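The values are calculated or read from the model by the stated rules, or taken from the named source; none is laboratory data. All values derive from a computational prediction rather than experimental measurement. No Cβ is skipped: glycine too gets one built from the backbone with ideal geometry, and neighbour counts run over all protein chains shown. Keep in mind that these areas ignore ligands, DNA and RNA; they rest on the heavy atoms of the full protein, side chains included. Shrake-Rupley method; radii C 1.70, N 1.55, O 1.52, S 1.80 Å.
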Amino acid sequence: MVDPLSDIAGLLRPRAVFTKGISGAGRWGVRYEDFGHPSFAIVIEGACRLNVEGQKELRLEAGDFILLPRTPSFTMSGFEPIIPDLIGPQAGAAAGDVRHGRQDGPPSVRILGGYFIFDSDDSSFLVSLLPEQVHVRGVDRLSMLVELVIEEAAAERPGRELVLTRLVEIMLVEALRLMQTPDAPAGLLRGLGDARIAQALRQLHADPAHPWTMAALAKEAALSRSAFFDRFVRNVGVPPMEYLLALRMTLARNLLRQRDIGIAEVAERVGYSSASTFSTAFSRFVGQPPGRYTRGMTDKITTRAGSQP
């Protein structure tokens, strides 16, 4: 049986890791503008405050791990009142160590972190299934993974990109599955925290091309159709058939990126009886027919390859 969390992490295709060390001492505070890309950090020593837009303030202490799948605006500071310095997205995304506040003496907090990029063309839907903020305390496995990511990102060894991609995928899954509880925010993790809904989600990810109906999914969850629909929406945040459509379109985009698979085969592999039916559904969901989408992806890849030295 396919694990939906691993499936989503793989479909997001994380890549291009940038890392930095952050420390602060004395009176200090910085506010980062909305960045958009996923970011992560772990506190090595000391403590600080973290205010993420739309979330409750956190006190971060040694051993704390934080993951922001979308990285909205946030403020990081010491515990003394201060008007934070504003840091723009470009400056905030730059790699390299940075010291805030008093420049001499030992820091009151030391943090290792970084950001990466989701290479999926449909990351907006996939990321919407994840919590806006993941805060985990005292998990040694995550600490080791962050240290491995930082170490690998700083080196120029053969296979660096592949190793980084795998490490970030593991770090992402490791952090997210710790949030897989019934009281998590609506999304994939809360859905997986409900045994009945989790069974339906596993079936959808295992065989998205199957001609699923509400009745069939409700049967998998051992619920009536109305109870299943209400419970799925309450836990996952979207109706079951809307989730299935988005999953199929995400898989279709991935297949079309490969360029050696025809539209008819893609249609069959994501559950459509004909290329025309698939093309209509794809056009409505994506905003352009699959043929044009494939040509656009080819142009992007050619342009990217041509820009490299």
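Hey, can you rank 284-291, 269-276, 231-238 by average C-beta count inside 10 Å, highest first?
Peptide ranking by packing, descending: 231-238, 269-276, 284-291.
Over segment 54-153, average the accessible area per residue using a 1.4 Å probe and give it in Å², no decimals.
49
What is the helix-to-structure angle for 290-307, meaning the angle in degrees between its Cα long axis and the longest Cα principal axis of the chain, kept from 0 to 90 and rounded to the nearest 10?
30
Could you work out [θ]222 nm for the chain from helices alone, using -39500 (n - 2.57) per DSSP H run of at least four and dividing by all its residues? Round to the nearest 500 deg cm²/dmol.
-14000 deg cm²/dmol
For a quick protection proxy, order the peptides 43-51, 4-12 by their average other-Cβ count within 10 Å, most packed first.
4-12, 43-51
Rounded if a/c is under 1.5, else prolate if a/b beats b/c, else oblate: with a ≥ b ≥ c from the C-alpha gyration tensor eigenvalues square-rooted, which is segment 83-219?
The shape class here is prolate.
Taking K and R as +1 and D and E as -1, what net charge do the other residues with C-beta under 11 Å from the C-beta of Ala209 add up to?
Neighbour charge sum, excluding Ala209 itself: 0.
Could you tell me what fraction of 2.2 N^0.38 Å the Cα radius of gyration of segment 146-288 comes to, as a two-decimal ratio?
On the way: Rg = 18.5 Å, N = 143, 2.2 N^0.38 = 14.5 Å.
Its radius of gyration relative to the 2.2 N^0.38 Å reference: 1.27.
Mind checking the angle between helix 225-236 and the chain's longest principal axis? C-alpha axes, 0 to 90 degrees, to the nearest 10.
The angle comes out at about 30 degrees.
State log₁₀ I(q)/I(0) for the chain at q = 0.07, 0.10 Å⁻¹ as given by the Debye formula over alpha-carbon point scatterers of equal weight, solvent excluded.
Relative scattering, expressed as log10 I(q)/I(0), comes to -0.33, -0.65.
Roughly to the nearest percent, how much of the accessible area of segment 174-254 is carbon and sulfur, given a 1.4 Å probe?
Answer for segment 174-254 is 53 percent, counting heavy atoms of protein chains only.
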